[in-house]
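Participant: The structure under discussion is supplied below as structure tokens; questions concerning it will follow.
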Amino acid sequence: MKKYAYVGALGLLSIITTEFGVIGVLPQIASHYQISIDQASWLLSGFALVIALFGPFMTMLTAQIEKKTSMLLAIALFSITSFCSVLLPSFGILLALRMIPALLQPVYIANALAIAVNTSPEEQSSNRMSIVFSGITIASFTTIPLATYWTNLVGLQAIFVIQGIISAVAFVAIYRVLPTVRGEKKNIKINELNWLKKAPFIRSALVNLFVIAMWFSVYSYFADYLNKEKQLSGFQVSMMILLFGIVGVVAMYFGGKLLKKGVVFSNVIYVVGAMGIATLLYLSANNLLLIIGLIALWSLFYTPVFLNVTAFLQRTTSISFELGSSLSTSLGNLGIALGTFVGGKVITNYGIQHLPLVMFGFAGLSLILIFFVSRKNEIR
């Protein structure tokens, strides 16, 4: 049923608010804890690394648990740790509080997608996946800019309060709306895990990794980049985050349509678009109208990325839907960590103005790998 996909999207919105909400307030976090911006970025990359390293194993370990229960447990952890973070403990404890719920993030996404897709006609599967992933888009123009705005207005605690409340609302919606769905009767088969060693999977996995790293090499430092390189104020940065999210609604609609033309074609379009955006960011001046246009274009190409790379991994390999969803989430978060890490090193050693060059480099690698996948992998 369609409403199950919308509830899945609400839960994903709460998760994304927690994971990516810090992007808009990294400068405030760095200032509060008296650390550098690349050190503060560990709140994002550390979260992502936990998902990347433990996500597939957590999905396999929880495969036999009733799906709704798994989703409720994941959202409960996000809500509880967010409210604990309101106390603004030491940076190390704050980092640990973010890592705890990260363990169950791939479990939530895999189960939300499975319920949405398995309760719908086969021809509607792409649409249901798009609806679930719309939670990312909605967060980008509602809760994330709201958290950024209130943090600038009242202080750092605001972002954690908003994260906790949204997760609590999602918990209630999942509990009241989703049906009870039995877990898998069997865990992932060993021969399916052996398939992960094969060249077709490795090629597709690297595409997933580098496409996400491409975007997050700059997006992780969105607020700091716009503030220092494009000379925008805190309020203007909040408005750019809002614009980014609003355009993302349109982007997700077209992303779902473009995906129907094939996973290779759609990913090539978005990677080539990223190369153009990186070039424009690097060469453009600080004209506000030009920046607004660039942000809109950036969102148009960035927003469908998780939908596209998830579908890419599932349709260019022979692994199961649930394992494919979990692995795509883990690889995507490894890409977030990689892009954030490389971007941070470039900021430290060469200056924030060179971040778009990192995006361009990852885009080039992605295009080469997509070419090999299109030639050598069996596309479903």
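Participant: Taking the Cα centre of the chain as the origin and placing charges on Cβ (Lys, Arg +1; Asp, Glu -1), which of Ser126, Gly351, Phe210 is farthest toward the positive end of the dipole?
Facilitator: The listed residue farthest towards the positive side: Ser126.
Participant: If I build a Gaussian network model for the chain, linking alpha-carbon pairs within less than 10 angstrom, which residue out of Leu209, Leu196, Leu43 has the largest mean-square fluctuation?
Facilitator: Most flexible of the set in this elastic network: Leu196.
Participant: With every protein chain present, what is the per residue accessible area of the stretch 6-53 (1.4 Å probe, Å²)?
Facilitator: In whole numbers, the stretch 6-53 has 27 Å² accessible per residue.
Participant: Taking 0.36 nm per residue of separation and subtracting the Cα-Cα distance, what length does fully extending Val154 through Tyr175 add?
Facilitator: Details: separation 21, 0.36 × 21 = 7.56 nm, distance 3.25 nm.
4.3 nm is the gain from fully extending Val154 to Tyr175.
Participant: Determine the alpha carbon to alpha carbon distance for each of Lys198/Lys376; Lys198/Lys260; Lys3/Lys257 and list only those over 22 Å.
Facilitator: Lys198/Lys260
Participant: Before rounding to the nearest 500, sum -39500 (n - 2.57) across all DSSP H runs of length at least 4 in the chain and divide by the residue total; then give [θ] at 222 nm in deg cm²/dmol.
Facilitator: Result for the chain: -26500 deg cm²/dmol, rounded to the nearest 500.
Participant: 7 Å from Cα along Cα→Cβ at both Leu297 and Gln34: what's the point-to-point distance in nm?
Facilitator: Distance between the two pseudo-spin positions: 4.3 nm.
Participant: Can you work out ³J(HN,Hα) from phi for every residue in the stretch 82-94, in order, using Karplus 6.51 cos²θ - 1.76 cosθ + 1.60 and θ = phi - 60°, giving whole Hz and x for Gly and Pro?
Facilitator: 5, 5, 5, 5, 4, 6, 6, x, 4, 4, x, 5, 4
Participant: Ok, one more. Only four residue types carry charge here, +1 at the Cβ of Lys and Arg and -1 at the Cβ of Asp and Glu. Report the dipole size of the chain about the Cα centre in Debye, rounded to the nearest 20.
Facilitator: Values: 24 positive and 11 negative charges, 192 e Å.
Dipole size: approximately 920 debye.
Participant: A further question follows. Counting only heavy atoms of protein chains, what accessible area per residue, in Å², does the stretch 193-350 have with a probe of 1.4 Å? Could the numbers behind the result be given before it?
Facilitator: Working: 5630 Å² over 158 residues.
Solvent-accessible surface per residue comes out at 36 Å².
Participant: Picking from Phe362, Met252, Ile319, whose Cα lies most toward the positive end of the charge dipole for the chain (charges on Cβ: Lys, Arg +1; Asp, Glu -1)?
Facilitator: The one lying farthest along the dipole's positive direction is Ile319.
Participant: Continuing with the same structure: Report the gain in length on full extension from Gln231 to Lys3: 0.36 nm times residue separation, minus Cα-Cα distance, nm rounded to one decimal.
Facilitator: Working: separation 228, 0.36 × 228 = 82.08 nm, distance 4.27 nm.
Length gained between Gln231 and Lys3: 77.8 nm.
Participant: Also, I was wondering about something else. Of all the accessible heavy-atom surface of the chain, with the other protein chains kept in place and a 1.4 Å probe, what percent is carbon and sulfur?
Facilitator: Numbers: 10190 of 15010 Å².
Within the chain, the accessible surface is 68 percent carbon and sulfur.
Participant: Here is a further query. Please give the length that would be gained between Leu73 and Phe371 if that part of the chain were fully extended, namely 0.36 nm times their separation in residues minus their C-alpha to C-alpha distance (nm, one decimal). Spell out each step's value before the answer.
Facilitator: Numbers: separation 298, 0.36 × 298 = 107.28 nm, distance 4.01 nm.
Value of the extension gain: 103.3 nm.
Participant: Using R₀ = 51 Å, calculate the FRET efficiency as 1/(1 + (r/R₀)^6) where r is the Cβ-Cβ separation of Ser318 and Lys345; round to 0.05. Write out the running numbers ahead of the final one.
Facilitator: Working: r = 36 Å, r/R0 = 0.72.
It comes out at approximately 0.90.
Participant: Top mean-square fluctuation among Gly361, Gly293, Gly276, Gaussian network model of the chain, C-alpha springs under 10 Å?
Facilitator: Among Gly361, Gly293, Gly276, the largest GNM mean-square fluctuation belongs to Gly293.
Participant: Can you run phi through the Karplus equation (6.51, -1.76, 1.60; θ = phi - 60°) for the stretch 280-286 and list ³J(HN,Hα) in whole Hz, with x for Gly and Pro?
Facilitator: Each residue's phi maps through the Karplus curve to give 5, 4, 6, 9, 6, 8, 9 Hz.
Participant: Related question: Can you work out ³J(HN,Hα) from phi for every residue in the stretch 12-28, in order, using Karplus 6.51 cos²θ - 1.76 cosθ + 1.60 and θ = phi - 60°, giving whole Hz and x for Gly and Pro?
Facilitator: Values, residue by residue: 5, 4, 5, 5, 5, 4, 6, 5, 9, x, 5, 4, x, 10, 4, x, 5 Hz.
Participant: Just check the chain against the gyration tensor rule for me: Cα atoms, a ≥ b ≥ c as the square roots of the eigenvalues, rounded for a/c under 1.5, and otherwise prolate or oblate depending on whether a/b exceeds b/c.
Facilitator: Values: a/c = 1.59, a/b = 1.18, b/c = 1.34.
Verdict is oblate for the chain.
Participant: Report the FRET efficiency, 1/(1 + (r/R0)^6), for Glu122 and Ile100, where r is their Cβ-Cβ distance and R0 is 45 Å, rounded to 0.05.
Facilitator: Working: r = 37 Å, r/R0 = 0.82.
Here the calculated transfer efficiency is 0.75.
Participant: Under a 10 Å cutoff between Cα atoms, tell me which one of Pro89, Pro304, Pro356 has the largest fluctuation in the Gaussian network model of the chain.
Facilitator: Pro89
Participant: Apply the a/c threshold of 1.5 to the C-alpha gyration tensor of the stretch 16-168 and tell me whether it is rounded, prolate or oblate.
Facilitator: Details: a/c = 2.23, a/b = 1.67, b/c = 1.34.
Prolate is the answer for the stretch 16-168, as a/c is 1.5 or above and a/b outweighs b/c.
Participant: With +1 on the Cβ of every Lys and Arg and -1 on the Cβ of every Asp and Glu, and nothing else charged, how large is the dipole of the stretch 69-227 about its Cα centre, in debye rounded to the nearest 20?
Facilitator: Charge dipole, the stretch 69-227, about its Cα centre: 500 debye, nearest 20.
The values are calculated or read from the model by the stated rules, or taken from the named source; none is laboratory data. Here the structure is a predicted model, which is why all the values come from computation and not from measurement. Note: ideal-geometry Cβ built from the backbone for every residue, glycine included; neighbour counts use all protein chains shown. The protein model used for the area step is the full one, side chains on, heavy atoms only, and it has no ligands, DNA or RNA in it. Shrake-Rupley method; radii C 1.70, N 1.55, O 1.52, S 1.80 Å.
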